[in-house]
C-alpha cells in the first residue's frame, strides 16, 4: 500500500492553446528553485510536453489516463509520488472537460483540485464568468483558484480579480512575457532537446510567476493506492535495441519500465548518428520526426544496412508511427522531397500537410488488449494487406497493423503496461492472435 500527502493540483484550461504547458513548467521550476521536490504527470497520450516538464522539474514524468493507463495505475503513481514529493502537478490535455475520460475525470478520480489557466487576452469581467462556468459545470470537481495568463497590465489584472465570483480566487495574473513562450510544430511543442537555452528560459519564467504571486502552494491532498502486481519475467535475458534521437523520441517512460520489469536488457542507439546496431535480439523503432531528419537517415547507409540485416536475419522489430515511416521504401517530406528509407516494407509515406489521424485506440488479442493512440500527419501508400486493425475508442478510424516476417509495424502507439504478455510476444517474434 502506498500512502502520502503533498500539495497537488491538476492544471488545465478552457481549451488548447491557453498556455497551461508553460505555466506548469514554470510552476515546477519555481518550486524546484525554492528547494522543493516536484513531480509532474501528464494526462493522456503525449510525448512532447513531458520532455519539457522533465527538464523543468528535474524528475521523471509519466502519463496518467483512466482508460489508457488504467484507473488503478493513476492512483498508484500519484500515491507513490506523494511519498517523496512536496508538490505534484498534473498537466491536463485539451480543455478541462474535453474528451472521455477528460482531464476533469482524472481530477475527480484522484480527488485533486483543478487549477484552470485562462487566457485573459481580450477579456475583462467575462473572465469571472468563464471561471464560474468551469467551477460549476461538474459538482464533483473542486476548483478553488484560477490563473490568468497573458495579462496586459496591472490594471488589466485588477479588472480580472474584481470579476471573480464568490468562492473562487485569482491565484495570479501572469503578464505577457517572452519567457512564457515556447515554439511548436505540427505535432505540438518542439522537442526539449532542440531548444537551446531552455533551462535559462525556465528560470526566467519561474521569476515571472513569482512576481505574479504564484509562489503560493496549491492545496495539500492525501493519496492512497495499492501496489500493482509484479509482471512476469516474459523477457528474461532478451536484449532490445531502442532507437532514440531527434528522429525517434516518442517513448513513454512506463514502456521502458515494464520492459525492464519483464527482464529485458535495454540498449539505446541513434539511427541518425550511429553506424552499427547494439548487440541485440530485437529492435524497437518508436515514433518521432523522421520526416525532419530524412536526409540524414538516408545518408547513413551503414545504419540502414544494419537494420536490413537485422530484419533479414528474422529478428523481431516493432516499428511505431515514425518507426513505420522509416521502414518503407520512400518518405516524402513536407517539402515534397522523396527520401530512400530502409525498404523493409513496400510503400511510401507522404507528409499530408494536415492532421490525418487522432484518437485513442487498442489492439485486441488473446494475449491482452494493448491500449494506446494514433496521431500523425502523414499517409501511407502500400500494397500490403494488414494483419489486423486496431479498435478505436474515439477519434480517427482504426489503424492497420502490418507484419512482414518478425517485423510488426503500424501508426498505432502502444502503452506497453496495458498488455505486457502481448508486448513480450512482439519482441520475441511470436504470432499475434487477434480477436
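In the range 391-431, what residues are surrounded by fewer than 18 Cβ atoms within 10 Å (Cβ to Cβ), closer than 24 Å to residue 342 by Cα and touching a helix residue (DSSP H, G or I) at 6+ places or on another chain (Cβ under 9 Å)?
Passing the criteria: 404, 405, 430, 431.
Could you list, in sequence order, all residues of the range 273-293 that are touching a strand residue (DSSP E or B) at 6+ places or on another chain (Cβ under 8 Å), crowded, with 18+ Cβ neighbours inside 10 Å and either free of Cβ contacts under 8 Å to residues at least 60 places away in the same chain or part of a loop (DSSP other than H, G, I, E, B) (or both)?
If the condition is that a residue be touching a strand residue (DSSP E or B) at 6+ places or on another chain (Cβ under 8 Å), crowded, with 18+ Cβ neighbours inside 10 Å and either free of Cβ contacts under 8 Å to residues at least 60 places away in the same chain or part of a loop (DSSP other than H, G, I, E, B) (or both), then 277, 280, 281, 283, 285, 286, 288, 289, 290 are the ones that fit.
Can you name the residue in the range 177-195 that is in a loop (DSSP other than H, G, I, E, B) and over 21 Å from residue 247 (Cα atoms) and, of all such residues, is modelled with the lowest pLDDT? Give the derivation first.
Step one: of the range 177-195, the residues in a loop (DSSP other than H, G, I, E, B) are 177, 181-183, 186-187, 190-191, 195.
Add one more test, that the residue is over 21 Å from residue 247 (Cα atoms), and what stays is 177, 181.
Details: 177: 95, 181: 86.
Among residues in the range 177-195 that are in a loop (DSSP other than H, G, I, E, B) and over 21 Å from residue 247 (Cα atoms), the one modelled with the lowest pLDDT is 181.
Quick one: count up the residues across the range 250-272 that are part of a loop (DSSP other than H, G, I, E, B) and on the phi < 0 side of the Ramachandran plot.
Looking only at that region, the number is 7.
So is residue 223 closer than 28 Å to residue 260 by Cβ and either surrounded by 16 or more Cβ atoms within 10 Å (Cβ to Cβ) or at pLDDT 95 or above (or both) or not?
yes
Name the residues in the range 138-151 that are surrounded by 15 or more Cβ atoms within 10 Å (Cβ to Cβ) and part of a loop (DSSP other than H, G, I, E, B), would you?
Scanning the range 138-151 gives 138, 141, 142, 143, 144.
Mind checking which pairs have a first residue in the range 152-176 that is in a strand (DSSP E or B) and a second that is surrounded by fewer than 20 Cβ atoms within 10 Å (Cβ to Cβ), Cβ under 6 Å, 6 or more apart or different chains?
170/161; 170/164; 172/213
Return the residue satisfying two criteria in turn: it lies in the range 196-219 and is part of a loop (DSSP other than H, G, I, E, B) and in contact (Cβ under 8 Å) with a residue 24 or more places away in the chain, and of such residues it is surrounded by the most Cβ atoms within 10 Å (Cβ to Cβ).
That would be 218.
Where in the range 334-421 are there strands (runs of 3 or more DSSP E), lying wholly inside it, with at least 2 residues that are more than 28 Å from residue 306 (Cβ to Cβ) and at pLDDT 95 or above?
Working: elements: 338-340, 348-351, 357-365, 368-376, 378-381, 400-404, 407-410.
Counting at least 2 such residues, we get 357-365, 368-376.
Is it true that residue 245 is within 25 Å of the chain's Cα centre (by Cα), surrounded by 15 or more Cβ atoms within 10 Å (Cβ to Cβ) and in a loop (DSSP other than H, G, I, E, B)?
Judged against the criteria, residue 245 is a match.
Tell me the residue from 316, 346 that is in contact (Cβ under 8 Å) with a residue 24 or more places away in the chain and crowded, with 17+ Cβ neighbours inside 10 Å, please.
None of the other options fit; the residue is 316.
Within the range 71-88, can one find any residue that is out of contact with any strand residue (DSSP E or B) (no Cβ under 8 Å at 6 or more places or on another chain), surrounded by fewer than 20 Cβ atoms within 10 Å (Cβ to Cβ) and either on the phi > 0 side of the Ramachandran plot or modelled with pLDDT of 95 or more (or both)?
So the first thing to find is which residues in the range 71-88 are out of contact with any strand residue (DSSP E or B) (no Cβ under 8 Å at 6 or more places or on another chain), and the list is 71.
Narrowing the set further to residues that are surrounded by fewer than 20 Cβ atoms within 10 Å (Cβ to Cβ) leaves 71.
Then drop every residue that is not either on the phi > 0 side of the Ramachandran plot or modelled with pLDDT of 95 or more (or both), which leaves 71.
Checked against the condition, which is being out of contact with any strand residue (DSSP E or B) (no Cβ under 8 Å at 6 or more places or on another chain), surrounded by fewer than 20 Cβ atoms within 10 Å (Cβ to Cβ) and either on the phi > 0 side of the Ramachandran plot or modelled with pLDDT of 95 or more (or both), the range 71-88 yields at least one hit.
The values are calculated or read from the model by the stated rules, or taken from the named source; none is laboratory data. It should be emphasised that the depicted structure is a prediction, and the values quoted were computed from it without experimental measurement. Here Cβ is always computed from backbone atoms with ideal geometry, including for glycine, and neighbour counts include all displayed protein chains.
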